[in-house]
Each structure stands twice: as structure tokens, then as C-alpha cells.
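What follows is a short report on a single structure.
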Amino acid sequence: MTENSERRVISVIVVNEASVLSRITDLFSGRGYNITSLTVAPIPDSKYSRLTIATSGSVRVIEQITKQLHKLIPVLRVYEHADLVEKEMAMVKFPITENLSDINTLCEAYNGKIVNVGENVIIAMVADEPKRVENFLKVIKRYNPKEIVRSGAVALER
Amino acid sequence: MQISGAQMVIEALTLEGVDTVFGYPGGAIMNVYDEIYKQDKFQHILNRHEQAAVHAAEGYAKASGKVGVAMITSGPGFTNAVTGLADAYMDSIPLVVISGQVPMSLIGTDAFQEIDAVGISRSCTKHNYLVTDAKDLPRILKEAFYIAASGRPGPVHVDIPKDVTAQIAEFDYSQPVKLETYKPHTKGNPRQIKKAIEAMADSKRPLFYLGGGIINANAAYEVRELVHKTGIPAVETFMARGVLAHDDEHLIGMLGMHGSYAANMAMSETDLVIALGARFDDRVTGKLSEFAKNAAVIHVDIDPASISKLVNADFPIVGDVKNVVNEMLEISSKIDASKFESWRETINNFDDLHPLTYHEDSEKLKPQWVIERVGELLGDDANISTDVGQHQMWTAQFYPFSRPRQFISSGGLGTMGFGFPAALGVKAAAPQQTSVNFTGDGSILMNCQELMTAVEKKLPVINIILNNNYLGMVRQWQTLFYDKRHSETDLSVQPDFVKLSEAFGGIGYRVSTKEEFDAALKDAVEKNVVAFIEVIVHRLENVMPMVPSGGSLFNMMLLEKKEK
Ligand SMILES: Cc1ncc(C[n+]2csc(CCOP(=O)(O)OP(=O)(O)O)c2C)c(N)n1
Ligand SMILES: [Mg+2]
């Protein structure tokens with residue numbers, strides 16, 4: 001298909017039960033859809049979990065994804081967000097010998113801070129829009145990050 | 001009531017009104033088979049292969065409209081059954097398939113005959129369950145039957161570890177199914193229905209595009225009424241054969257790759273497609289961008305994901321096609337049936353130009369003749385199954401179907417080996433009707449072990465083997481698109497089909513003339529025992545007309561006109 005591919009975030013509310021996650025990921029792989037990122041956690045005080053899936057595809061593909069997700073028996077609701085607040089967290093390990101005050105200032109600009117200091121390394125975290133997190137990770141390259149972990153996006157409709 | 005998991009299976013099947021179970025025992029499912037031995041609520045049919053058991057359950061389900069049930073053991077029993085699950089999934093056939101599994105304590109240890117069954121069946125079932133506690137079994141089985149039969153039907157797989165079948169727990173089947181996350185939308189939006197009717201009234205060249213969903217929804221007779229009231233011509237998909245009677249003047253024929261010229265041309269010229277329970281399969285549409293190019297689309301389907309999946313619907317209506325057609329009938333008087341007369345005439349001209357036909361041959365029988373002849377001799381009285389290949393397409397083209405559920409064939413998956421076991425299931429569901437399976441010399445060898453089932457259970461299916469000594473359909477593509485390189489499709493080396501049938505206690509005939517065929521069919525019907533009628537047919541006959549793969553419906557390869 002030659003239609004334009006767009007990044008989209010889809011939230012899925014599912015019953016907490018065995019193999020529900022593989023039902024979702026099987027659907028994506030079986031039908032050839034992308035998953036850019038995926039987060040899952042239980043919804044407090046309920047028997048449901050919420051998945052946030054960042055994906056990409058043409059309008060038609062995105063529509064199919066939401067419909068196919070909805071067809072899965074343990075899926076309660078599927079939201080394909082148009083207007084949403086989206087956040088992602090990243091943690092980065094730096095050698096303690098790097099310029100810590102620079103790193104700290106940068107983290108602050110991205111809603112973050114240094115969260116752990118060890119003998120040889122420090123760990124910093126940021127939490128921001130996925131695009132901005134990406135930017136942050138680009139900027140800190142010069143401080144020799146040893147390890148980077150991203151959480152994947154979570155999102156709520158405005 | 002405190003009973004074992006195995007007893008619960010029997011109780012649940014009984015309460016669901018199941019009268020026939022197809023299956024094959026083995027270690028992990030033995031507790032359930034022990035209870036089957038003790039009961040007399042339903043009959044168990046021992047197929048001779050798990051794949052056949054599931055196909056038989058499919059045939060049973062399609063012929064009866066009820067949920068088909070199959071039972072198998074873990075490991076190889078289950079993997080043998082997977083083709084059946086996939087077949088039922090593609091053709092939306094309601095099944096509950098129960099498999100044994102190794103005991104809970106052994107799951108994940110690569111135990112003897114352990115395989116991750118729910119992991120495998122996930123992508124080819126509507127839903128599946130691994131039961132981890134017998135107390136969940138009544139709920140799960142009840143849900144399984146409900147999910148299989150409701151909404152867009154499909155197979156549900158229930159995997160039960162052996163220790164769970166031995167575990168004692170409370171059995172209460174009276175709780176209603178509570179599935180907050182599964183509520184099929186069965187009633188169409190009345191505003192959309194009204195708009196659809198208005199579009200039909202305004203259109204000049206509307207066309208009903210009838211799909212297999214109509215049969216699943218038991219809506220064929222309502223659809224017949226709608227077609228007749230509106231005067232709008234109709235094409236059927238392969239899966240919808242029998243929705244309209246073959247002699248209905250509004251029926252143009254089957255469309256698609258081997259559809260008739262008139263049906264495909266009507267679809268290419270229409271200005272309004274009215275799709276009822278059809279899913280725009282690639283074998284139906286040909287090249288999508290050229291499919292019904294100038295038409296608006298009304299699409300009625302129970303499955304929202306089928307709507308606008310491939311072809312954009314201008315009037316999407318999610319709902320049970322029976323409900324929706326009934327609502328349409330109430331307001332269909334807005335449509336002036338006489339308005340479409342010239343459109344019907346145009347279509348009749350297409351049909352006169354290139355009618356669906358074949359050329360007889362003085363030397364060898366033509367397979368199409370055999371099918372037409374069975375239609376003449378048995379007609380409405382027979383239920384017709386097929387295997388997969390040329391014979392299947394000829395059956396869809398030339399058999400005079402007159403009612404829904406008369407034609408049972410593997411459409412979506414195209415499973416060779418489907419026909420014979422499916423015909424056994426059909427016979428079990430409709431014993432008073434003749435069950436005929438049109439098959440090929442290739443297909444019949446996949447599941448010919450079912451001769452034993454047929455003899456043992458006195459299921460006198462008549463298998464008509466259209467023997468062209470080829471994997472004919474593949475040979476046809478090789479002839480047309482691979483410069484006649486007939487790679488591995490020549491089946492010159494063959495068993496003696498007559499003796500094969502006789503070896504199991506069935507009867508066999510080898511015929512090569514019309515007279516012999518008539519006599520054999522008559523005899524087989526009278527003898528009332530499973531039969532192979534091997535018909536020696538023209539080897540190189542092609543299924544025509546044909547839309548080459550990826551081509552447009554209006555660009556068909558046509559039957560060559562006969563030189564006079
Ligand atoms: C299980 C399976 N394997 C392979 C195929 C591919 N295939 C489709 S039609 C066909 C030939 C079938 O030959 P036969 O049963 O003799 O029927 P004919 O086309 O000759 O009528 C084959 C191999 C299939 N559909 N199913
Ligand atoms: Mg053949």
C-alpha cells in the first residue's frame with residue numbers, strides 16, 4: 001500500500017488473564033503490523049490492565065488494527081488517540097568522571113534528575129514526550145552514556 | 001454437584017444439546033474417554049485421523065447449523081487437528097474442539113506428548129482456553145459454545161490438562177454467560193439501513209453481492225425475499241452457493257476467479273454494490289483498484305473488521321445480516337423493482353455473449369458433465385461436499401444448488417482432504433439426504449482412511465473421484481502461466497481406487513462412459529454403503545472462465561468458442 005504511514009498511539013484495556021499479552025502481540029505479528037513500543041500495567045482496583053502501543057501505518061491499517069484488537073475476546077476497549085498527553089521515561093548510566101553538573105542541568109530541562117550515585121557511575125532519569133526523550137538521548141551522547149533504558153510511551157486522552 | 005473434570009465435559013456437552021462428537025483418544029484425554037464409555041447421551045464417531053475428526057465436525061456444523069464438536073489428545077493428536085481449526089477459522093464455522101494436555105505439573109517440562117497447544121491455536125481460532133482448574137470448566141465450556149456460535153462464528157479450542165479432568169469440583173451450568181468484553185453487535189443502525197435503502201432506490205445498476213455470512217446467519221430465505229421484492233440482480237460468492245436457487249431469475253451466477261462472465265461483468269459495471277455477509281476476498285475481487293470501480297458500496301456484516309478492510313464502504317452496517325435484511329424488507333417498498341429491467345437485460349446480454357458452459361468430448365467424459373448429471377439425478381435431495389482443486393470449482397459452477405447448507409466446501413483455506421470427512425459429518429447431521437463428495441485423484445488420498453469410519457458407522461458417503469491423473473488445478477496454472485512445465489503434478493501412478501474402497505469394506509466403481517456412470521450412481525445410492533465412483537475424465541480440461549491472479553474481473557480468460 002502506498003498510503004502515508006503515520007505514527008499512532010493506541011491504548012487497549014484488557015482483562016488480566018493468562019496469555020492476553022501474547023494474543024495482542026500475535027495479532028500484530030500475524031497481520032504484519034508494527035509495534036514501536038509497548039507498555040503494560042494493571043489498572044488500579046480493577047481486573048483490567050492497560051496497554052499503550054505505539055505503532056505506525058496508513059489510516060486504513062490503523063483502522064484495521066483497532067478493529068482487530070477489538071475482536072479479541074478479552075479486550076474491553078480500544079482507544080486510538082487523536083489528542084493525547086504522552087510521556088515516556090528513560091534512565092541513563094554515566095561514568096562518574098563526566099561533567100555531572102552539565103548532566104544534571106540537561107536532565108532538569110527534560111523533567112528529570114540524577115537519581116542514583118555509585119562509586120563509578122551515576123544514574124539519571126528523564127520523563128517527557130517520546131520525541132523530547134529522543135532529543136535528550138541525542139544530546140547526552142557526548143557524556144559517554146554506558147547504558148540507556150527507555151520505558152516505552154504511556155498516554156492519556158486529553 | 002461435585003464431579004470430576006471429565007464428567008463435567010460430558011455434562012456440559014449434554015446440556016448444550018450435542019448429539020454427535022467426532023474424535024480420537026490418547027493418553028492425555030483418557031479420563032474423558034472413560035466417561036464417554038459410560039454415557040449414552042451422545043454418539044462418538046471415531047474418525048481415523050484427528051484432522052478428519054475436525055473436518056467431520058465442520059461438515060456436521062455446516063449441514064446442521066449447530067456447533068460441531070471434536071475431541072483429541074495432546075501433542076500429535078492436537079497438531080493433527082490444527083488444519084481443521086484453521087479451516088474452520090477461515091470459513092467462520094462454529095466448533096468447540098477439546099484437547100487433552102499433559103498434567104499441570106508437567107507443563108513446560110517438554111513432557112511426553114506435550115506441545116504448547118493454545119500457543120499454536122491462538123492464531124487459528126476465534127478464542128482458546130487452557131483450563132487450569134476444574135472449577136473453571138463449566139464456565140469455560142459454556143463460554144466456548146457461546147463464543148463459537150455467536151457474532152461471526154468460529155472455532156473455539158479448549159485445552160484441558162489430564163489432572164484437571166481428574167480433579168473434583170462443583171459443577172453448576174446454570175450461570176448465564178457473562179462476558180463484558182464480548183458483545184457482538186447484531187442490530188444494524190436503522191438510520192444507516194434507511195440510507196442504504198434510499199441508495200438502492202436511487203441507483204441505476206445496483207447489484208447484490210451475496211456471501212457465506214448469509215448462510216451462517218440463516219438468512220437465505222429473507223435474502224431471497226429482498227432480492228425478489230427489489231428486483232435487483234444478484235451474484236453469489238463461492239461460499240454463498242445455494243442462498244438463491246440455481247434457477248432464480250435474479251441470480252446471475254458466481255463471481256470471482258472462476259465466476260461467470262456475466263457475474264464478473266455485472267460487478268464491473270454496477271453503480272451500487274450491496275454486500276451481504278461477504279468479505280471481498282482476493283479470489284472474489286481480482287485486482288482491487290479495478291473492482292466495482294464506479295460503484296458505491298453498502299456493506300452489511302456482523303464483523304466490523306470486515307467492513308472497509310479491503311474496499312471502502314460508503315454505507316457500513318454492522319449487524320446480523322438476518323436482522324438487517326428484515327429491517328430492509330420493512331422499507332423496501334420504496335424501491336421500484338421495474339426500474340432495473342434494462343439493467344437486467346444488459347446482464348442477460350453478457351450471459352448470452354459468454355454463457356457458463358463447456359464443450360463435450362466424444363472420447364472422454366467431461367468432469368462438468370458428471371457434476372451436471374449428478375445434479376439432474378439427485379438435485380435437491382443430495383448434500384454436496386467437495387475437496388479442493390478443479391473439481392471443486394466445477395462443482396460450484398455447475399451443480400444446481402437449490403438451498404442453503406447444501407454445498408459444503410473449504411473456501412478460505414482451500415484444504416485438500418476436507419471433502420470426505422466433511423461429507424461424513426454432513427451425513428451424520430442429515431442422514432435422510434444423500435451425501436455426495438466430489439473429489440479429485442489427488443485430494444481423496446488425503447484422508448482416504450475415513451473409509452473405515454464410514455464403514456464402521458454406516459455413513460454411506462458417495463465419493464465421486466473426477467480422475468484426471470493430475471493435481472489438476474496446479475497443472476492448469478502450470479499450463480497457463482509456467483509454459484506447460486508440469487512440475488510434480490502428474491499423478492499417472494495411482495492406487496486401484498475400486499480395490500482401495502473394497503479393502504475397507506466399501507464399494508467401488510470405475511467408469512468412463514455416461515451409461516456406466518448413471519448405473520454406478522444408481523447402484524451406489526441403492527446399496528447405501530460408502531462408495532468410490534472413479535470417473536475417468538478428460539485429463540487436460542481447464543476451469544474456465546478465469547481471472548488470472550491479480551487481474552481485473554472484466555479481463556477474463558474465456559472458454560474458446562467451438563469451431564463448427
Ligand atoms: C493440503 C493442500 N495441499 C496442497 C494444495 C494445493 N493444491 C490446490 S488444488 C491442488 C490439486 C488437487 O488435485 P486433485 O485433488 O486431483 O483435484 P483436481 O484439481 O485434479 O480436480 C493442489 C495440490 C492444497 N490446496 N491443499
Ligand atoms: Mg486430479
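The values are calculated or read from the model by the stated rules, or taken from the named source; none is laboratory data. Since the model is a prediction, treat every value here as computed from it, not as a measurement. With ideal geometry, Cβ positions are generated from the backbone for all residues, glycine too; neighbour counts draw on all protein chains shown. In case anyone asks, the SASA skips ligands and DNA or RNA and just uses the protein heavy atoms, side chains included. Shrake-Rupley method; radii C 1.70, N 1.55, O 1.52, S 1.80 Å.
Each listed q (0.06, 0.10 Å⁻¹) maps to a log10 I(q)/I(0) for the protein assembly as shown, found by the Debye formula over equal Cα scatterers with no solvent: -0.42, -1.05.
Any idea of the accessible area per residue across the range A:85-157, 1.4 Å probe, to the nearest Å²?
Numbers: 4310 Å² over 73 residues.
Each residue of the range A:85-157 exposes 59 Å² on average to a 1.4 Å probe.
The Cα-based radius of gyration and maximum Cα-Cα distance (Dmax) for the range B:496-564 are 18.2, 49 Å. Each peptide in B:97-106, B:130-139 was scored by the mean count of other Cβ atoms within 10 Å over its residues; highest first, the order is B:97-106, B:130-139.
What per residue convex hull volume, in Å³, comes out for the range B:138-234 when only alpha-carbon positions are used? If you can, show how the numbers build up before the last one.
Working: hull volume 13.7 nm³, N = 97.
Output value, Cα hull per residue: 141 Å³.
Residue by residue, the range B:201-218 carries 3J(HN,Hα) couplings of 5, 7, 6, 9, 10, x, 8, 6, 10, 8, x, x, x, 5, 5, 4, 8, 6 Hz when phi is fed to the Karplus relation 6.51 cos²θ - 1.76 cosθ + 1.60 (θ = phi - 60°); x denotes Gly or Pro. Taking every protein chain into account, the 1.4 Å probe leaves B:Lys194 with about 100 Å² of accessible area, to the nearest ten. Only Lys, Arg, Asp and Glu carry charge here, each on its Cβ (+1 for the first two, -1 for the last two); on that basis the range A:6-82 has a dipole of about 140 debye about its Cα centre. Per the Debye formula on identical point scatterers at the alpha carbon atoms of the range B:71-137, with no solvent, log10 I(q)/I(0) at q = 0.13, 0.17, 0.18 Å⁻¹ is -0.36, -0.60, -0.67.
For the chain pair A and B, the interface hides roughly 1500 square angstrom of accessible area in total, found with a 1.4 Å probe.
Okay, helix-only estimate at 222 nm for the protein assembly as shown: each DSSP H run of n ≥ 4 adds -39500 (n - 2.57), divide by all residues, round to 500 deg cm²/dmol; what do you get?
-10500 deg cm²/dmol
Near B:Thr20, the amide H atoms lying under 5 Å from its own belong to B:Gln43; only residues 5 or more places off or on other chains count, and H is placed 1.01 Å from N.
Counting every alpha-carbon pair across the range B:142-183, the share separated by more than 12 Å comes to 71%. With the convex hull of its Cα atoms as the shape, the range B:102-169 has an orientation-averaged projected area of 4.7 nm². The residue list B:Val227, B:Ile347, B:His299 was ranked by how far each Cα lies along the charge dipole of the range B:221-351 toward its positive end, using unit charges on Cβ atoms, and B:His299 comes out on top.
Based on alpha carbons, the Rg and Dmax found for chain A are 18.3, 53 Å.
Hey, what's the range B:190-353 come to in accessible area per residue, 1.4 Å probe, Å²? I get 37 Å² per residue for this part. When chain A is treated as a GNM with alpha-carbon contacts under 10 Å, the residue of A:Glu80, A:Glu98, A:Glu119 showing the greatest mean-square fluctuation is A:Glu119.
Cα-Cα pairs above 17 Å in the range B:23-137: how many percent? Don't skip to the answer; put the middle values down first.
Numbers: 3565 of 6555 pairs.
In whole percent, the long-distance tail amounts to 54.
Close amide H partners of B:Phe401, meaning residues 5 or more places away or on another chain with modelled amide H under 5 Å apart, are B:His246.
Placing unit charges on each Cβ (+1 for Lys and Arg, -1 for Asp and Glu) gives the protein assembly as shown a dipole about its Cα centre, and among B:Tyr60, B:Val455, A:Thr97 the Cα reaching farthest toward its positive end belongs to A:Thr97. Across the range B:274-290, coupling constants 3J(HN,Hα) worked out from phi with the 6.51/-1.76/1.60 Karplus curve, θ = phi - 60°, read 10, 8, 10, x, 10, 10, 6, 4, 5, 6, 8, 7, x, 4, 4, 5, 9 Hz, and Gly and Pro carry x.
With θ taken as phi - 60° and the Karplus curve 6.51 cos²θ - 1.76 cosθ + 1.60 applied, the whole-hertz 3J(HN,Hα) list for the range A:28-34 is 5, 6, x, 9, x, 8, 8 Hz, x standing for glycine and proline.
Translational D (Stokes-Einstein, µm²/s) of the range B:190-353 at 10 °C and 1.306 mPa s when Rh comes from the Kirkwood sum over C-alpha pairs? Before the final figure, lay out each step's value.
Values: Rh = 15.2 Å.
For these conditions, the coefficient is 104 µm²/s.
At 1.4 Å probe size, with the rest of the protein present, what percent of the exposed accessible area of the protein assembly as shown is carbon and sulfur atoms? Summing carbon and sulfur atoms, their accessible area is 51 percent of the total for the protein assembly as shown. Compactness of chain B is given as radius of gyration and Dmax, 24.1, 79 Å, from Cα positions.
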